[in-house]
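A short worksheet on the structure shown next.
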């Protein structure tokens, strides 16, 4: 993707220095929508046991009685070591990471700006105003309006504060664990989460969050698949507008389709547990995710992204 030298969004919150993991919390039980990574809530074998948590709590309060505050140390106390920072446009200080991490931040800021241009134009054509989301960059863990999340949960969108959350280490995992390489694969991830924001604005997410409270788990999963596939389709629409600007390189669309394939429910379950459980799918199969991204890309129209009618 030809992105260098283009506008970067001002809607980026760099929380890398303030990030902190936490014990417990589930942003997806409070309306959050995440990209599946095979980790996070519900993963077999993941997380900490009750015994481990109890031991950690005992150690924490034991050290605190000795005058050592672990939370203060994690926020930049003597154990954290020196850190470099730079001044943001609002005058605040944000930590500066490796050259690769800074490159990723610049790229994500540019992709976010391109999604803003796309959806501002689409909404304006319909006589509506697009409310731009914020992108929060963090390390390890973050507290959102949807609850506490760790890097294991993957990128997610929180309707409660209308922000997209992205751990800076995720794209290493995307390439190494899921074999989804290329900058447009990364761009697809952000465009998908922005697609959830669009759903929030047009009323899809509020209706779904209300309806699933009275649904069985199987029905809620089935509806969740349709929600996620529409977000994929909306990401494809953004891809179409980006292509029309002449910003795509040869092979970019294939990178996005490969990423969609690698994070399909069936592919992830085969990778993590060796078999698939279709009734537990909540994001869609690899074939479905690729199909709906391509439909959005080919049409460039929201009307082509109605995943709530007929077969998917």
- Task: Tell me, please, whether a residue that is out of contact with any helix residue (DSSP H, G or I) (no Cβ under 6 Å at 6 or more places or on another chain), within 26 Å of residue 120 (Cα to Cα) and outside any loop (DSSP other than H, G, I, E, B) can be found in the range 265-280.
- Result: no
- Item | The one condition in (1) farther than 26 Å from residue 2 by Cβ; (2) touching a helix residue (DSSP H, G or I) at 6+ places or on another chain (Cβ under 6 Å) that residue 252 fails to fulfil | (1)
- Note on the structure: Contact list, first residue from the range 206-231 and surrounded by fewer than 18 Cβ atoms within 10 Å (Cβ to Cβ), second anywhere and not in a helix (DSSP H, G or I), beta-carbon distance below 6 Å, six or more apart or interchain, is 209/31
- Item | Count of residues meeting criterion [outside any loop (DSSP other than H, G, I, E, B), in contact with a strand residue (DSSP E or B) (Cβ under 7 Å, 6 or more places away or on another chain), farther than 12 Å from residue 104 by Cβ and modelled with pLDDT of 90 or more] in the range 153-207 | 10
- Could you tell me whether residue 248 is more than 20 Å from the chain's Cα centre (by Cα) and farther than 26 Å from residue 207 by Cα? yes
- Note on the structure: When residue 123 is run through (1) in a helix (DSSP H, G or I); (2) crowded, with 19+ Cβ neighbours inside 10 Å; (3) modelled with pLDDT of 95 or more, the failure sits at (2)
- Conditions: (1) surrounded by 19 or more Cβ atoms within 10 Å (Cβ to Cβ); (2) assigned to a helix (DSSP H, G or I). Residue 284 meets all but one. Number of the miss? (2)
- Any residue at all in the range 151-174 that is in contact (Cβ under 8 Å) with a residue 60 or more places away in the chain, surrounded by fewer than 21 Cβ atoms within 10 Å (Cβ to Cβ) and under 17 Å from residue 6 (Cβ atoms)? no
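The values are calculated or read from the model by the stated rules, or taken from the named source; none is laboratory data. Since we're looking at a predicted model, the values are computed, not measured. Cβ sites come from the backbone with ideal geometry, for glycine too, and all protein chains shown count toward neighbours.
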